[in-house]
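Have a look at the structure below before the remarks.
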Amino acid sequence: MTGTTTIAQSLPVTEKPRRTLWREIVKSRWPYFFISPFYILFAIFSLYPVLFSIYLSFTEWKGLGPIKFVGLKNYSLLFKDSVFWDSMVNGVMLFFIYVPLQTLLALVLAVVLNSKRVRGFQLFRTLIFIPNITNMVAAGITFRLLMNQENGLFNILLGMVGIPPVPWLENVWAARISLGLLIIWAWLGWNMVIMLAGLQTIPGELTEAALIDGASHSQAFFFVTVPLMRQVILFALVLSTMGTFSLFTEPLVLTNGGPMRATTTPIMAIFGQAFSNFRFGYASALSYVYFAIIFVLTLIQVRLGGRREA
Amino acid sequence: MFRIHTLRQLTSVLILSVIVLAACGPAATPQVIVQTQVVSQVVTATPEPEATTAPKPSGKITVWCWKAAQDTIVNPGVVADFNAEYPDIQVEFVTYNPGDIYQKLPLALTAGTGAPDVSCVEDSHLAQFVDLGGLTDLSDRVQPYVDQMNSYKWIAGQKDGKYYSVPWDSGPVVTYYRRDVFKAAELPDDPDSVSAAVATWDKYLETCQTIKEKTGSNCFPNNKANNDGRLYEMALWQQGLGYYADNGDITVDSPENVATLQKLGEFWEADLVSDQQSWTDGWYADFSTLEKPVASFVEAAWMGVFYKTWIAPGTAGKWGVALMPAMKDGQVRAANDGGSGFVIPDQSQNKEAAWAFGEFVSMRKNSQNKMFAYGDFFPALETAYDDPLYIEPDSFFGGQVTRKVYVDVVKEIPTAHIYGPRYADMNKFVSTAIQKFATGEMSAEDALKEAADGIRSNQ
């Protein structure tokens with residue numbers, strides 16, 4: 001008797017999870033209905049294209065006319081595609097040019113603004129954030145004018161103190177660094193706000209205690225603040241990594257990917273294949289390989305940075 | 001490998017992939033400034049009697065074009081003339097830069113909606129759109145005009161024996177030169193003497209060396225790090241070379257192409273070239289300045305109107321037009337650069353009116369010559385050349401009879417395989433090669449080999 005009761009009692013328990021999910025959905029049908037514009041739009045404009053391009057990546061298609069199935073041809077072609085792989089290398093170089101500097105600057109600025117000694121904290125925060133909401137096309141064109149080798153304001157100012165003209169956009173490395181400057185200008189404020197948000201979760205007593213114990217301000221920064229900010233810094237780094245490889249507007253406007261394709265990013269290469277060469281199948285295959293690479297990179301970053309005790 | 005232990009980890013991986021996907025999504029593309037302008041009002045004047053009894057087309061047509069071309073059609077009154085003959089057609093222009101048309105038109109063609117009734121397209125991009133599809137087959141309509149137009153103009157707009165374009169202007173290439181610079185260098189500055197002084201690229205280089213020694217002026221602008229490949233393409237075109245052979249084989253790294261690039265490289269080596277990037281302020285200043293301008297520029301007939309109207313209006317009377325240099329003595333001194341025409345998308349609801357417009361603008365002697373007189377867009381219509389306009393002196397060019405020069409040049413333009421269906425992509429590869437060669441990173445041979453490999457593996 002007792003045995004059967006136990007079984008009978010345990011049965012509903014195992015079945016419960018399945019039913020509750022559906023029940024929960026039915027129970028919350030009105031809230032789901034009211035947020036449905038999001039997932040309907042998401043399905044049409046994000047999910048469908050993502051799935052359709054899996055299919056496209058095995059085909060040749062100009063955007064018009066028949067879709068020709070070609071199997072793995074696109075994937076085998078792309079391993080020899082020097083433009084795409086060079087663009088990945090460009091992404092790596094750009095990453096090292098500006099991401100460490102930007103992250104450090106963002107953290108330092110955040111710490112400075114977070115200390116209670118800075119007056120007009122909100123004003124500074126806004127000023128540093130404003131470039132991020134400035135239209136990138138306008139900003140890019142302005143930077144291009146400022147960086148003109150012959151008539152740009154930067155070189156005119158440098159000339160006044162006797163520095164010869166810098167070929168900001170006329171040389172492979174200079175162009176990459178110039179692009180890095182534009183990106184730092186545009187994205188520093190955004191990273192700083194993330195850091196500020198993180199800092200505000202750290203109790204001030206910890207730094208205070210370190211200072212009282214005799215640590216200098218820089219020691220307190222590196223040995224107290226930075227370790228506590230680990231997760232936040234990681235978050236900013238991960239977003240910066242993905243952002244670097246998918247840069248589009250900034251290089252398009254500032255350098256159009258030149259000189260010698262040195263500032264062509266993977267997204268620009270993919271965009272060019274799709275919308276300038278009309279090779280939608282091939283561009284889809286590139287997108288998926290690109291996605292896989294970024295995904296693995298991000299996992300590695302999370303893995304390396306996410307360890308509790310390192 | 002990463003092992004996923006819990007549901008929570010799975011969820012975070014999923015969220016991560018959504019973020020990555022979102023980051024892969026399209027970034028904001030530059031906004032396009034659209035300027036619409038209804039040009040024609042319905043003219044009430046009585047139309048000229050027509051021989052045909054078929055009803056005349058009517059309704060509104062939308063025309064996409066860039067500013068310079070639109071002005072050239074509208075300002076000399078060609079649209080007004082058109083409306084005198086077709087009073088029931090309203091022409092609405094939408095102004096886009098060429099680059100914006102090449103983004104928007106293919107999207108509209110592939111989407112099946114949103115295309116205009118008529119679009120201006122440069123010859124360089126025409127073949128790609130013809131290859132893409134979605135354009136109206138105009139074979140029957142253009143048939144009477146095929147023999148009346150520069151024959152090379154039909155090539156880019158043709159596929160499988162069918163015609164998809166209405167050719168408008170040609171780009172016969174000449175050498176524009178500054179008379180004041182030649183004078184300052186104590187060289188004769190009349191067109192015939194200058195033509196002789198630049199008879200070959202070698203002689204051109206010697207002449208420019210003399211000019212640089214005596215005046216400090218550079219020969220021409222040709223940017224190294226952001227070279228656009230146009231001058232190189234003209235030098236290929238005059239030899240009947242190109243990016244691919246008749247059978248479609250890629251010839252980007254052929255010995256002749258390499259030799260051509262090396263020839264242009266001699267000007268960089270001799271330090272005779274201004275390093276201004278094309279279509280930037282510094283480049284305009286090279287032409288417009290009165291102090292040490294560049295001595296010359298090899299470019300097509302349409303460059304004349306740009307000098308006159310906005311690049312260098314202050315230099316009127318100081319310019320002359322000579323023939324372009326030949327690669328070797330006695331070889332062809334003619335090439336084409338640019339040129340444009342119209343296409344009619346298949347989705348147009350008013351093809352009759354669209355064709356009427358294209359035909360009236362391009363295939364009528366009067367329209368073509370009005371536009372040529374206004375804006376130096378050289379007519380591809382050969383029947384237009386028989387007109388007093390062509391022997392009129394042009395005061396901007398020091399009273400030289402320049403239009404006759406273009407007519408002589410256009411007849412000599414050889415067939416070259418440059419503006420093919422993959423032109424935009426090939427130009428990008430070749431420009432990169434020229435940049436690597438010009439900045440000393442690679443030899444001409446290696447750079448063009450790399451470009452050719454890229455193009456070959458990219459199809």
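Between residue B:326 and residues 5 or more places away or on another chain, which pairs have amide H atoms under 5 Å apart, with H built 1.01 Å from N, and which residues are they?
Sorted by chain and number, the residues that satisfy this are B:200, B:201.
Among B:351, A:80, which comes first, then next, by fewest other beta-carbon atoms within 10 Å?
If I rank by nearby Cβ atoms, fewest first, I get A:80, B:351.
Apply the Karplus parameterisation 6.51 cos²θ - 1.76 cosθ + 1.60, with θ equal to phi minus 60°, to every residue of the stretch A:236-253 and state each ³J(HN,Hα) to the nearest whole Hz, in sequence, with x for glycine and proline.
5, 5, 4, 5, 5, 4, 5, x, 5, 5, 9, 4, 9, 4, 4, x, 4, 7
Please report the relative contact order for chain B, taking Cα pairs under 8 Å with a sequence separation of at least 6, and give it as a percent rounded to a whole number.
Relative contact order here is 23 percent.
Would you kindly state how much longer the chain becomes between residue A:161 and residue A:134 on full extension, computed as 0.36 nm times their sequence separation minus their alpha carbon distance, in nm to one decimal?
The residue A:161-residue A:134 span can extend by a further 6.7 nm.
Could you give me the ³J(HN,Hα) list for the stretch B:301-306, computed from phi with Karplus coefficients 6.51, -1.76, 1.60 and θ = phi - 60°, whole Hz, x at Gly and Pro?
So the J values, rounded to whole Hz, are 4, 5, 5, x, 5, 5.
Taking the dipole about the Cα centre of the protein assembly as shown, with the C-beta of Lys and Arg at +1 and of Asp and Glu at -1, give me whichever of B:157, B:103, B:442 is farthest to the positive side.
My answer, from the dipole projection, is B:103.
Pull up all non-local amide H partners of residue A:70: gap of 5 or more, or a different chain, and H-to-H distance under 5 Å with H placed in the peptide plane.
Those qualifying (amide H under 5 Å, at least 5 residues apart or on another chain) are A:59, A:60.
Would you mind giving the mean number of other chain beta-carbons within 10 Å of the Cβ of each residue in A:199-209, as a whole number? Don't jump to the answer; show the numbers that get you there.
On the way: counts 0, 0, 0, 0, 0, 0, 0, 0, 0, 0, 0.
Per residue, the number of nearby Cβ atoms from other chains is 0 on average.
Cα-based count: Lys pairs in chain A below 27 Å, eight or more positions apart or different chains?
The result is 4.
Scan chain B and report its longest stretch carrying no chymotrypsin sites (Phe, Trp or Tyr not before Pro) that are both in a DSSP loop and have at most 15 other Cβ atoms within 10 Å.
It works out to B:3-278.
With the Cα gyration tensor of the stretch A:20-75 giving a ≥ b ≥ c as the square roots of its eigenvalues, does the rule (a/c under 1.5 for rounded; else a/b larger than b/c for prolate; else oblate) give rounded, prolate or oblate?
Cα axes put the stretch A:20-75 in the prolate bin.
Quote the charge dipole size of the stretch A:20-75 about the Cα centre in Debye, to the nearest 20; the model charges only the Cβ of Lys and Arg (+1) and of Asp and Glu (-1).
80
Show me, for the stretch B:443-457, the HN-Hα J-couplings you get by feeding each phi into the Karplus relation (A = 6.51, B = -1.76, C = 1.60, θ = phi - 60°), rounded to Hz, glycine and proline as x.
Values per residue, Gly and Pro as x: 6, 4, 5, 5, 5, 6, 5, 4, 4, 4, 4, x, 5, 5, 7 Hz.
Taking the simple approach of a point 7 Å from Cα along Cα-to-Cβ for both residue A:119 and residue B:206, what is their distance in nm?
Distance between the two pseudo-spin positions: 7.7 nm.
Got a sec? Charge dipole of chain A, +1 on Cβ for Lys and Arg, -1 for Asp and Glu; which of A:159, A:191, A:52 is way out at the positive end?
Most positive-ward Cα: A:52.
Would you be so kind as to identify which of A:36, B:198, B:234 lies farthest towards the positive end of the dipole of the protein assembly as shown, taking Lys and Arg as +1 and Asp and Glu as -1 on Cβ and the Cα centre as origin?
So the residue we want is A:36.
Under 5 Å between amide hydrogens, which residues at least 5 positions from residue B:170 or on another chain qualify, with H placed 1.01 Å from N in the peptide plane?
Residues meeting the criterion, in which the H sits 1.01 Å from N, are B:378, B:380.
Read-outs throughout are calculated quantities, based only on the coordinates presented, and are distinct from any laboratory measurement. Since the structure is predicted, the reported quantities are computational estimates derived from the model, not experimental observations. Heads up, the Cβs are rebuilt from the backbone with ideal geometry, glycines too, and the neighbour counts pull from every protein chain shown.
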